[in-house]
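J.: My questions will all concern the structure given below.
The numbers here are math on the coordinates, done by the rules we state, and not lab data. Given the structure is predicted, the values throughout are model-derived calculations rather than measurements. In this analysis, Cβ positions are derived from the backbone assuming ideal geometry, glycine residues included, and neighbour counts consider all displayed protein chains.
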Amino acid sequence: MSTTTTEVAPAVSATLRLRPTTGKDDKDETQKEELEPYRYAHLLPHFSQDRYPPLTSFEHVDPGHRALSHPNPRSFLDNATVVELTPNLGSEVHGVNLARLNDDARDQLALEVARRGLLVFRNQQEFIDSSPEFYKAWGRHFGRLHIHPTSGHPEAHPEIHLVYRDANSTFNFEVDDSITTTVWHSDVSYELQPPGLTTFFLLSQPTTGGDTLFTSQVSTLKKLSPQFIAFLRTLKAVHSGFEQADFSRAGRRGGIVRREPVENVHPVVRIHPVTGVEALYVNRQFTRRIVGLKREESETILKFLFDHIDKSSDNQARVKWQPNTVVLWDNRITAHSAIIDYKDSRERRHGARITPQAERPIGPEGLDLSS
């Protein structure tokens, strides 16, 4: 694996190069663009030398629970236009200003994300142009904010996870020696209490490309035979952050490991605490082995499940980014992958993620989650 990881200083000022220079006029225009301050320079990746102790467990109360008792738990969408992206995953919403939602509406939002898995909100400039303090206050409504052990963050705001690639550098967890950039994962599933509702938006994006794929892990599970699902309910798997940490220790992605990596055991079939639905909870990026099975047995089952997730286009939705788009998804019941198909354009893709942790994954009744 090889990536370029020249660190970007927080004060970098640059703009997107939208097209290659082909003549004097193009060159002059590009030079003019590059001299203009980058609007989101204060949110460029910073890699502090801070070190953090291991995460401790906490009690998580999902705000979606409160919305269940509301007489109309979708009232925050009363004046909105909602288009379902697919029958089983994802809705695109127009006419809701996320920055203006009160606590009651945020509770309803959490329930709607739990039910649909993925919500795409357009025309959210006020939200995106808010301060890092606003981002963090927003995220804390949905859970304890996660500080990523290896990623870049805005200076003084480690709770905001950044993805970043431009013409000269990348600070993403990327693998170059593969024929595809599609790597399905649920964010930091190796934590004892992985994320629940997650908020993500792009500050800069390529002219085309850089979409994000999502898949419903509820649907991927339902596609399997009842007998096989019954077997999967008896299984638990190890999710590991060691490979991601080693990637950074090798000098890539900024070269920082702020918290020692962990492994944790989670159920292969997970139950959502609010809706009660079951979802497959394995992913190619972080799930390493099934506890209690011999190596060949574990590898065979995981390969089958990973391939099923990869190939099940009928369970997937694709988000095409537009300026001022904010996407929310539930990490407990979805997986996703970035699409890095814009390298040749040499354009910037700069995103910010707000990542509240949720409960320790709930397995079927009677499943022993000790390792």
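J.: State yes or no: is Ala105 surrounded by 15 or more Cβ atoms within 10 Å (Cβ to Cβ) and in contact with a Gly (Cβ under 6 Å, 6 or more places away or on another chain)?
T.: No, not satisfied.
J.: Count, please, the residues in the range 184-202 that happen to be more than 15 Å from Leu118 (Cα to Cα) and either without any contact (Cβ under 8 Å) to a residue 40 or more places away in the chain or in a loop (DSSP other than H, G, I, E, B) (or both).
T.: Here the count works out to 8.
J.: Sticking with this one: Looking at Thr234, Thr181, Thr215 in this structure, which one is out of contact with any strand residue (DSSP E or B) (no Cβ under 8 Å at 6 or more places or on another chain) and outside any helix (DSSP H, G or I)?
T.: Thr234
J.: Now for a different question. Only one of Lys343, Lys320 is over 27 Å from Ala245 (Cβ atoms) and either surrounded by fewer than 20 Cβ atoms within 10 Å (Cβ to Cβ) or free of Cβ contacts under 8 Å to residues at least 24 places away in the same chain (or both). Can you tell me which?
T.: Of the residues listed, the single one that is over 27 Å from Ala245 (Cβ atoms) and either surrounded by fewer than 20 Cβ atoms within 10 Å (Cβ to Cβ) or free of Cβ contacts under 8 Å to residues at least 24 places away in the same chain (or both) is Lys320.
J.: Tally time: how many residues in the range 67-105 are under 17 Å from Val274 (Cα atoms) and touching a helix residue (DSSP H, G or I) at 6+ places or on another chain (Cβ under 6 Å)?
T.: Residues flagged as under 17 Å from Val274 (Cα atoms) and touching a helix residue (DSSP H, G or I) at 6+ places or on another chain (Cβ under 6 Å) within the range 67-105 amount to 3.
J.: Report yes if some residue within the range 112-125 is assigned to a helix (DSSP H, G or I), touching a helix residue (DSSP H, G or I) at 6+ places or on another chain (Cβ under 6 Å) and crowded, with 16+ Cβ neighbours inside 10 Å; otherwise report no.
T.: yes
J.: Any chance you could count how many residues in the range 40-77 are closer than 23 Å to Ile128 by Cα and either of a type in the set (Phe, Trp, Tyr) or free of Cβ contacts under 8 Å to residues at least 60 places away in the same chain (or both)?
T.: Here the count works out to 5.
J.: Name the single residue, out of those in the range 301-337 being in a helix (DSSP H, G or I) and among the basic types (Lys, Arg), that is nearest to Leu197 (Cα to Cα).
T.: Here the answer is Lys311.
J.: Also, I was wondering about something else. Limited to the range 80-102, what total is found for residues that are loosely packed, with under 14 Cβ neighbours inside 10 Å and in a helix (DSSP H, G or I)?
T.: Total meeting the criteria: 1.
J.: Considering each residue of the range 230-266, count those that are surrounded by fewer than 16 Cβ atoms within 10 Å (Cβ to Cβ) and of a type outside the set (D, E, K, R), and give that number.
T.: 7
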